[in-house]
Amino acid sequence: MSRAVDLVTALARARTAEEPGPDTPAGPAVPDWPGPARTVPPAGPGRLDLDRLLRLSLAAADPSGRLRPAPSAGALHPVDARLAVGAGCSLPPGTYGYDPLRHRVHHLGPAPHDVPPGVTVELTVTARRTASHYGHRAWPLLLLDTGHAAAALRLAARALGTAPAVARLDGTTEHPLAAVHIPSAAPGPRPPEPEAPAPAELLARRSAPPPLTGTPARDDLHAVLATAREAGAGQLRWCVAVGGPRPELVEASPDGTLRRLASGEARPTLAAWAAGQGWIAGAGAVLLAYGCPSDAGPPRIRRDHLHAGHAVGCALLTAARRGLAARPVGSWQRADLGAALGGPPAQNW
(Lines give C-alpha, C1' and ligand atoms only; values in the text may rest on other atoms or scores of the structure.)
Protein backbone atom coordinates (compact mmCIF):
# COMPACT_ATOMS: atom_id res chain seq x y z
CA MET A 1 0.00 0.00 0.00
CA SER A 2 2.29 2.73 -1.26
CA ARG A 3 -0.29 5.55 -1.40
CA ALA A 4 -3.53 6.11 0.49
CA VAL A 5 -5.55 6.31 -2.73
CA ASP A 6 -4.38 2.82 -3.67
CA LEU A 7 -6.49 1.22 -0.93
CA VAL A 8 -9.64 3.04 -2.04
CA THR A 9 -9.04 1.94 -5.63
CA ALA A 10 -8.14 -1.59 -4.58
CA LEU A 11 -11.32 -2.06 -2.54
CA ALA A 12 -13.55 -0.65 -5.29
CA ARG A 13 -12.00 -3.03 -7.79
CA ALA A 14 -12.21 -6.00 -5.40
CA ARG A 15 -15.96 -5.42 -5.10
CA THR A 16 -16.55 -5.75 -8.85
CA ALA A 17 -17.25 -8.95 -10.78
CA GLU A 18 -13.78 -8.88 -12.38
CA GLU A 19 -12.08 -12.27 -12.11
CA PRO A 20 -8.49 -12.57 -10.82
CA GLY A 21 -5.82 -13.63 -13.27
CA PRO A 22 -3.74 -16.79 -13.08
CA ASP A 23 -1.78 -17.59 -9.93
CA THR A 24 1.65 -16.03 -9.46
CA PRO A 25 4.52 -17.03 -7.11
CA ALA A 26 3.69 -16.30 -3.46
CA GLY A 27 7.32 -15.69 -2.47
CA PRO A 28 8.78 -16.51 0.95
CA ALA A 29 6.31 -17.44 3.68
CA VAL A 30 8.34 -15.53 6.33
CA PRO A 31 10.22 -12.22 6.14
CA ASP A 32 13.98 -12.46 5.79
CA TRP A 33 14.62 -11.27 9.32
CA PRO A 34 18.29 -10.37 9.85
CA GLY A 35 20.54 -12.04 12.38
CA PRO A 36 20.50 -15.52 13.89
CA ALA A 37 17.29 -17.25 14.94
CA ARG A 38 16.75 -17.62 18.69
CA THR A 39 14.47 -19.94 20.60
CA VAL A 40 11.75 -18.39 22.74
CA PRO A 41 12.69 -19.41 26.30
CA PRO A 42 10.14 -20.63 28.84
CA ALA A 43 8.93 -18.05 31.32
CA GLY A 44 10.16 -17.82 34.86
CA PRO A 45 7.88 -16.92 37.77
CA GLY A 46 6.04 -13.63 37.31
CA ARG A 47 6.97 -13.26 33.63
CA LEU A 48 4.79 -13.25 30.54
CA ASP A 49 5.24 -16.56 28.72
CA LEU A 50 5.91 -15.49 25.12
CA ASP A 51 6.57 -19.08 24.09
CA ARG A 52 3.03 -20.18 24.95
CA LEU A 53 1.46 -16.91 23.80
CA LEU A 54 2.89 -17.27 20.30
CA ARG A 55 2.21 -21.00 20.09
CA LEU A 56 -1.45 -20.37 20.93
CA SER A 57 -1.87 -17.53 18.43
CA LEU A 58 0.50 -17.32 15.47
CA ALA A 59 2.77 -20.39 15.32
CA ALA A 60 2.35 -22.94 12.52
CA ALA A 61 1.44 -26.43 13.66
CA ASP A 62 2.70 -28.24 10.57
CA PRO A 63 5.78 -28.04 8.31
CA SER A 64 3.79 -26.54 5.42
CA GLY A 65 2.78 -23.59 7.59
CA ARG A 66 -0.90 -23.90 6.67
CA LEU A 67 -2.37 -24.96 10.03
CA ARG A 68 -2.40 -22.17 12.61
CA PRO A 69 -4.68 -20.93 15.39
CA ALA A 70 -5.80 -18.00 13.18
CA PRO A 71 -7.64 -18.49 9.87
CA SER A 72 -6.34 -17.05 6.61
CA ALA A 73 -7.77 -16.77 3.11
CA GLY A 74 -6.42 -19.66 1.07
CA ALA A 75 -4.18 -20.62 4.02
CA LEU A 76 -1.66 -18.11 2.60
CA HIS A 77 -0.99 -16.39 5.95
CA PRO A 78 0.27 -12.96 4.84
CA VAL A 79 0.43 -11.46 8.36
CA ASP A 80 3.91 -10.81 9.78
CA ALA A 81 4.60 -10.09 13.46
CA ARG A 82 7.20 -7.83 15.03
CA LEU A 83 7.53 -7.92 18.82
CA ALA A 84 8.33 -4.88 20.94
CA VAL A 85 9.24 -6.58 24.22
CA GLY A 86 9.27 -4.61 27.46
CA ALA A 87 9.99 -5.62 31.02
CA GLY A 88 8.51 -8.71 32.64
CA CYS A 89 8.67 -11.11 29.67
CA SER A 90 10.43 -14.39 28.96
CA LEU A 91 12.56 -12.60 26.33
CA PRO A 92 14.87 -9.72 27.28
CA PRO A 93 13.59 -6.26 26.32
CA GLY A 94 14.14 -5.52 22.67
CA THR A 95 12.58 -5.60 19.22
CA TYR A 96 12.22 -9.00 17.54
CA GLY A 97 10.96 -10.40 14.25
CA TYR A 98 8.91 -13.57 14.65
CA ASP A 99 9.21 -16.66 12.43
CA PRO A 100 5.94 -18.63 12.87
CA LEU A 101 7.15 -21.61 10.80
CA ARG A 102 10.10 -22.37 13.07
CA HIS A 103 8.76 -20.67 16.20
CA ARG A 104 11.92 -18.59 16.48
CA VAL A 105 12.67 -14.89 16.94
CA HIS A 106 15.34 -12.64 15.44
CA HIS A 107 16.68 -9.80 17.57
CA LEU A 108 16.34 -6.60 15.54
CA GLY A 109 17.46 -3.99 18.06
CA PRO A 110 16.61 -2.32 21.36
CA ALA A 111 13.07 -1.88 22.56
CA PRO A 112 11.40 1.47 21.83
CA HIS A 113 12.04 3.90 24.67
CA ASP A 114 8.33 4.12 25.53
CA VAL A 115 7.50 0.39 25.38
CA PRO A 116 5.36 -0.60 28.38
CA PRO A 117 5.90 -3.79 30.39
CA GLY A 118 4.78 -6.83 28.46
CA VAL A 119 4.84 -7.26 24.70
CA THR A 120 3.34 -5.25 21.87
CA VAL A 121 2.86 -7.38 18.76
CA GLU A 122 2.85 -5.20 15.64
CA LEU A 123 1.07 -6.78 12.67
CA THR A 124 1.97 -6.04 9.05
CA VAL A 125 1.31 -7.95 5.83
CA THR A 126 3.27 -9.22 2.87
CA ALA A 127 0.63 -8.55 0.22
CA ARG A 128 2.30 -10.74 -2.39
CA ARG A 129 1.35 -13.92 -0.56
CA THR A 130 -2.38 -13.30 -0.81
CA ALA A 131 -2.24 -11.55 -4.20
CA SER A 132 -0.50 -14.62 -5.65
CA HIS A 133 -3.88 -16.39 -5.70
CA TYR A 134 -6.53 -13.69 -5.23
CA GLY A 135 -4.99 -11.01 -7.43
CA HIS A 136 -6.87 -7.70 -7.27
CA ARG A 137 -9.19 -9.12 -4.57
CA ALA A 138 -6.31 -9.37 -2.09
CA TRP A 139 -6.56 -6.18 0.00
CA PRO A 140 -9.84 -6.83 1.82
CA LEU A 141 -8.55 -10.32 2.61
CA LEU A 142 -5.23 -8.97 3.88
CA LEU A 143 -7.02 -6.67 6.31
CA LEU A 144 -9.42 -9.39 7.45
CA ASP A 145 -6.48 -11.77 8.02
CA THR A 146 -4.79 -9.10 10.15
CA GLY A 147 -7.95 -8.84 12.24
CA HIS A 148 -8.00 -12.64 12.63
CA ALA A 149 -4.39 -12.54 13.89
CA ALA A 150 -5.26 -9.80 16.40
CA ALA A 151 -8.15 -11.93 17.70
CA ALA A 152 -5.86 -14.96 18.02
CA LEU A 153 -3.42 -12.95 20.14
CA ARG A 154 -6.16 -11.63 22.41
CA LEU A 155 -7.68 -15.08 22.84
CA ALA A 156 -4.26 -16.54 23.64
CA ALA A 157 -3.71 -13.86 26.28
CA ARG A 158 -7.06 -14.76 27.85
CA ALA A 159 -6.12 -18.44 27.83
CA LEU A 160 -2.91 -17.59 29.70
CA GLY A 161 -4.79 -15.50 32.26
CA THR A 162 -2.94 -12.25 31.62
CA ALA A 163 -4.37 -8.83 32.30
CA PRO A 164 -6.68 -7.85 29.41
CA ALA A 165 -4.89 -7.44 26.09
CA VAL A 166 -5.53 -4.23 24.16
CA ALA A 167 -5.81 -4.28 20.37
CA ARG A 168 -5.25 -1.17 18.25
CA LEU A 169 -7.50 -1.62 15.22
CA ASP A 170 -8.28 2.04 14.50
CA GLY A 171 -6.92 1.94 10.95
CA THR A 172 -4.91 5.13 11.32
CA THR A 173 -1.56 3.64 10.32
CA GLU A 174 -0.33 1.50 7.43
CA HIS A 175 2.82 0.21 9.16
CA PRO A 176 1.82 -1.55 11.32
CA LEU A 177 -1.78 -2.16 10.27
CA ALA A 178 -2.66 -3.24 13.81
CA ALA A 179 -1.03 -3.90 17.16
CA VAL A 180 -1.92 -5.92 20.23
CA HIS A 181 -0.43 -5.19 23.66
CA ILE A 182 -0.35 -8.00 26.22
CA PRO A 183 0.70 -6.81 29.71
CA SER A 184 3.33 -8.64 31.70
CA ALA A 185 2.24 -10.82 34.57
CA ALA A 186 1.02 -8.87 37.57
CA PRO A 187 2.29 -9.94 41.02
CA GLY A 188 0.03 -12.31 42.87
CA PRO A 189 -2.65 -14.68 41.57
CA ARG A 190 -5.32 -13.43 39.19
CA PRO A 191 -8.92 -14.65 39.59
CA PRO A 192 -9.79 -16.98 36.72
CA GLU A 193 -11.87 -15.50 33.91
CA PRO A 194 -15.11 -17.52 33.67
CA GLU A 195 -15.24 -17.60 29.85
CA ALA A 196 -11.50 -17.79 29.17
CA PRO A 197 -10.65 -20.30 26.42
CA ALA A 198 -8.54 -23.33 27.22
CA PRO A 199 -5.28 -23.61 25.27
CA ALA A 200 -6.52 -26.84 23.68
CA GLU A 201 -9.54 -24.98 22.27
CA LEU A 202 -7.32 -22.50 20.47
CA LEU A 203 -4.97 -25.13 19.08
CA ALA A 204 -7.90 -27.20 17.80
CA ARG A 205 -9.31 -24.39 15.64
CA ARG A 206 -9.89 -25.41 12.03
CA SER A 207 -11.99 -23.98 9.21
CA ALA A 208 -14.61 -26.65 8.59
CA PRO A 209 -14.83 -27.96 5.02
CA PRO A 210 -18.16 -27.58 3.18
CA PRO A 211 -20.94 -28.54 3.20
CA LEU A 212 -22.07 -26.86 6.41
CA THR A 213 -25.73 -27.80 6.56
CA GLY A 214 -28.30 -27.81 9.33
CA THR A 215 -29.85 -24.64 10.72
CA PRO A 216 -28.40 -23.79 14.17
CA ALA A 217 -30.66 -23.19 17.15
CA ARG A 218 -31.70 -19.59 17.60
CA ASP A 219 -29.98 -19.24 20.97
CA ASP A 220 -26.74 -20.41 19.34
CA LEU A 221 -27.16 -17.84 16.57
CA HIS A 222 -27.81 -15.12 19.16
CA ALA A 223 -24.65 -16.10 21.06
CA VAL A 224 -22.52 -15.93 17.91
CA LEU A 225 -24.07 -12.58 16.93
CA ALA A 226 -23.53 -11.18 20.42
CA THR A 227 -19.86 -12.21 20.38
CA ALA A 228 -19.32 -10.62 16.97
CA ARG A 229 -21.05 -7.41 17.96
CA GLU A 230 -19.06 -7.07 21.18
CA ALA A 231 -15.72 -7.94 19.56
CA GLY A 232 -16.48 -5.61 16.65
CA ALA A 233 -16.59 -2.65 19.08
CA GLY A 234 -19.63 -1.12 17.39
CA GLN A 235 -17.83 -0.43 14.12
CA LEU A 236 -20.15 -2.62 12.01
CA ARG A 237 -23.65 -4.06 11.90
CA TRP A 238 -24.22 -7.81 12.11
CA CYS A 239 -26.95 -10.15 10.93
CA VAL A 240 -27.46 -13.81 10.05
CA ALA A 241 -29.05 -15.30 6.95
CA VAL A 242 -30.88 -18.55 7.77
CA GLY A 243 -32.78 -21.04 5.65
CA GLY A 244 -35.30 -23.64 6.69
CA PRO A 245 -39.08 -23.37 6.31
CA ARG A 246 -38.96 -19.61 7.07
CA PRO A 247 -35.82 -18.21 5.45
CA GLU A 248 -34.92 -14.76 6.73
CA LEU A 249 -32.26 -12.28 7.79
CA VAL A 250 -32.14 -11.73 11.55
CA GLU A 251 -30.14 -9.63 14.01
CA ALA A 252 -29.66 -9.87 17.77
CA SER A 253 -32.02 -8.04 20.12
CA PRO A 254 -30.92 -6.88 23.58
CA ASP A 255 -33.47 -9.22 25.20
CA GLY A 256 -31.65 -12.30 23.91
CA THR A 257 -33.99 -12.97 21.00
CA LEU A 258 -33.54 -12.59 17.25
CA ARG A 259 -35.27 -9.78 15.37
CA ARG A 260 -36.22 -10.20 11.72
CA LEU A 261 -34.63 -7.75 9.29
CA ALA A 262 -36.07 -9.24 6.12
CA SER A 263 -38.00 -12.29 4.98
CA GLY A 264 -36.93 -14.51 2.12
CA GLU A 265 -34.05 -16.68 0.98
CA ALA A 266 -30.77 -14.73 0.87
CA ARG A 267 -28.25 -17.58 0.75
CA PRO A 268 -28.18 -18.18 -3.05
CA THR A 269 -27.49 -14.47 -3.57
CA LEU A 270 -24.79 -14.58 -0.92
CA ALA A 271 -23.22 -17.57 -2.69
CA ALA A 272 -23.09 -15.58 -5.93
CA TRP A 273 -21.63 -12.55 -4.13
CA ALA A 274 -18.95 -14.66 -2.40
CA ALA A 275 -16.89 -15.44 -5.50
CA GLY A 276 -19.46 -18.03 -6.55
CA GLN A 277 -18.94 -20.35 -3.56
CA GLY A 278 -22.03 -22.42 -4.19
CA TRP A 279 -21.94 -24.25 -0.85
CA ILE A 280 -23.08 -21.05 0.87
CA ALA A 281 -26.51 -21.45 -0.74
CA GLY A 282 -27.02 -24.55 1.43
CA ALA A 283 -25.23 -23.41 4.58
CA GLY A 284 -27.20 -23.65 7.78
CA ALA A 285 -26.59 -19.97 8.56
CA VAL A 286 -24.35 -17.18 7.30
CA LEU A 287 -23.06 -14.54 9.72
CA LEU A 288 -22.63 -11.20 7.96
CA ALA A 289 -20.80 -8.01 8.92
CA TYR A 290 -21.78 -4.96 6.91
CA GLY A 291 -20.60 -1.37 6.70
CA CYS A 292 -17.66 0.37 5.00
CA PRO A 293 -19.44 2.64 2.47
CA SER A 294 -18.08 3.26 -1.01
CA ASP A 295 -16.90 6.75 -0.09
CA ALA A 296 -14.81 5.53 2.88
CA GLY A 297 -11.22 6.71 3.01
CA PRO A 298 -8.25 4.47 3.84
CA PRO A 299 -8.51 4.77 7.67
CA ARG A 300 -12.20 3.77 7.61
CA ILE A 301 -11.52 0.93 5.17
CA ARG A 302 -8.74 -0.40 7.39
CA ARG A 303 -10.75 0.05 10.59
CA ASP A 304 -13.92 -1.67 9.34
CA HIS A 305 -12.09 -4.65 7.84
CA LEU A 306 -9.75 -5.07 10.84
CA HIS A 307 -12.72 -5.07 13.22
CA ALA A 308 -14.63 -7.50 11.00
CA GLY A 309 -11.71 -9.95 10.97
CA HIS A 310 -11.19 -9.57 14.71
CA ALA A 311 -14.87 -10.11 15.48
CA VAL A 312 -15.16 -13.17 13.26
CA GLY A 313 -12.03 -14.63 14.88
CA CYS A 314 -13.79 -14.36 18.25
CA ALA A 315 -17.14 -15.57 16.90
CA LEU A 316 -15.47 -18.74 15.58
CA LEU A 317 -14.60 -19.71 19.16
CA THR A 318 -18.18 -19.16 20.30
CA ALA A 319 -19.44 -21.27 17.40
CA ALA A 320 -17.01 -24.08 18.21
CA ARG A 321 -18.01 -24.07 21.89
CA ARG A 322 -21.63 -24.56 20.82
CA GLY A 323 -20.79 -27.44 18.52
CA LEU A 324 -21.21 -25.46 15.30
CA ALA A 325 -18.91 -26.10 12.36
CA ALA A 326 -17.84 -22.77 10.84
CA ARG A 327 -15.80 -21.42 7.96
CA PRO A 328 -14.79 -17.76 7.43
CA VAL A 329 -15.64 -16.14 4.08
CA GLY A 330 -13.93 -12.90 3.12
CA SER A 331 -14.14 -12.44 -0.65
CA TRP A 332 -17.31 -10.55 -1.59
CA GLN A 333 -18.22 -8.94 -4.93
CA ARG A 334 -21.22 -6.68 -5.69
CA ALA A 335 -22.35 -7.42 -2.13
CA ASP A 336 -24.33 -4.25 -1.37
CA LEU A 337 -26.40 -5.69 1.45
CA GLY A 338 -27.82 -2.31 2.46
CA ALA A 339 -29.31 -1.74 -0.98
CA ALA A 340 -30.66 -5.31 -1.04
CA LEU A 341 -32.49 -4.53 2.21
CA GLY A 342 -34.08 -1.43 0.67
CA GLY A 343 -31.61 1.14 2.00
CA PRO A 344 -29.49 3.64 0.06
CA PRO A 345 -26.92 2.04 -2.23
CA ALA A 346 -23.16 1.92 -1.60
CA GLN A 347 -23.45 2.47 2.16
CA ASN A 348 -23.45 -1.02 3.68
CA TRP A 349 -21.26 -3.58 1.89
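The values are calculated or read from the model by the stated rules, or taken from the named source; none is laboratory data. Note that the structure is a prediction, hence the values are computed from the model and not measured. Don't worry about glycine lacking a Cβ; one is built from the backbone with ideal geometry, like all the others, and counts go over all protein chains shown. Quick note on the areas: whole protein, heavy atoms, side chains included, nothing else; ligands and nucleic acids left out. Shrake-Rupley method; radii C 1.70, N 1.55, O 1.52, S 1.80 Å.
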Flag if A320 is surrounded by fewer than 21 Cβ atoms within 10 Å (Cβ to Cβ), assigned to a loop (DSSP other than H, G, I, E, B) and touching a residue at least 24 places away in the same chain (Cβ under 8 Å): no
Top-ranked residue in the stretch 52-61 [being assigned to a loop (DSSP other than H, G, I, E, B) and touching a helix residue (DSSP H, G or I) at 6+ places or on another chain (Cβ under 8 Å); ranked as surrounded by the fewest Cβ atoms within 10 Å (Cβ to Cβ)]: A61
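Out of the stretch 323-341, which residues are open to solvent by 30 Å² or more (accessible area, probe 1.4 Å), of a type outside the set (F, W, Y) and either within 28 Å of D219 (Cβ to Cβ) or not in a loop (DSSP other than H, G, I, E, B) (or both)? If you could, list the steps in order and put the result at the bottom.
Step one: filter the stretch 323-341 for residues open to solvent by 30 Å² or more (accessible area, probe 1.4 Å), giving 323-325, 327-329, 332, 334, 339-341.
Then drop every residue that is not of a type outside the set (F, W, Y), which leaves 323-325, 327-329, 334, 339-341.
Correct list: G323, L324, A325, R327, P328, V329, A339, A340, L341.
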Options P31, P20, P45, P36: the member that is within 24 Å of the chain's Cα centre (by Cα), of a type outside the set (A, V, I, L, M, F, W, C) and over 22 Å from V180 (Cβ atoms): P20
Among the candidates A151, A159, A179, residue that is aliphatic (A, V, I, L, M), open to solvent by less than 30 Å² (accessible area, probe 1.4 Å) and either outside any helix (DSSP H, G or I) or over 19 Å from A231 (Cα atoms) (or both): A179
Sole exception among (1) crowded, with 16+ Cβ neighbours inside 10 Å; (2) over 19 Å from the mean Cα position of the chain (by Cα); (3) among the hydrophobic types (A, V, I, L, M, F, W, C) for A186, by number: (1)
Matching residues, the stretch 1-51, being touching a Leu at 6+ places or on another chain (Cβ under 6 Å) and assigned to a helix (DSSP H, G or I): L50
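Do any strands (runs of 3 or more DSSP E) lying entirely in the stretch 66-115 carry at least 2 residues that are at pLDDT below 95 and crowded, with 23+ Cβ neighbours inside 10 Å, and which ones are they? Lay out the reasoning, then the answer.
Working: elements: 79-85, 94-99, 104-109.
Fully inside the stretch 66-115 and qualifying: nothing.
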Considering residues of the stretch 250-277 that are aliphatic (A, V, I, L, M) and in contact with a Ser or Thr (Cβ under 8 Å, 6 or more places away or on another chain) only, the residue least open to solvent (accessible area, probe 1.4 Å): A274
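The rows are residues; the columns are (1) among the aliphatic types (A, V, I, L, M); (2) in contact (Cβ under 8 Å) with a residue 24 or more places away in the chain.
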residue	(1), (2)
A59	yes, yes
D62	no, no
G65	no, yes
P71	no, yes
G86	no, yes
P93	no, no
Tabulated pairs, the stretch 21-39, first in contact (Cβ under 8 Å) with a residue 24 or more places away in the chain, second open to solvent by less than 90 Å² (accessible area, probe 1.4 Å) and part of a loop (DSSP other than H, G, I, E, B), C-beta under 6 angstrom, 6+ apart or interchain: A29/G65; V30/L101
Checking P344 against (1) open to solvent by 30 Å² or more (accessible area, probe 1.4 Å); (2) part of a loop (DSSP other than H, G, I, E, B); (3) in contact (Cβ under 8 Å) with a residue 60 or more places away in the chain; (4) not basic (K, R), the condition it does not meet: (3)
Residues of the stretch 219-248 satisfying the condition of being under 16 Å from G291 (Cα atoms) and open to solvent by 10 Å² or more (accessible area, probe 1.4 Å): R229, E230, A231, A233, G234, Q235, L236, R237, W238
Given (1) touching a strand residue (DSSP E or B) at 6+ places or on another chain (Cβ under 7 Å); (2) open to solvent by less than 10 Å² (accessible area, probe 1.4 Å), number of the condition A138 does not satisfy: (1)
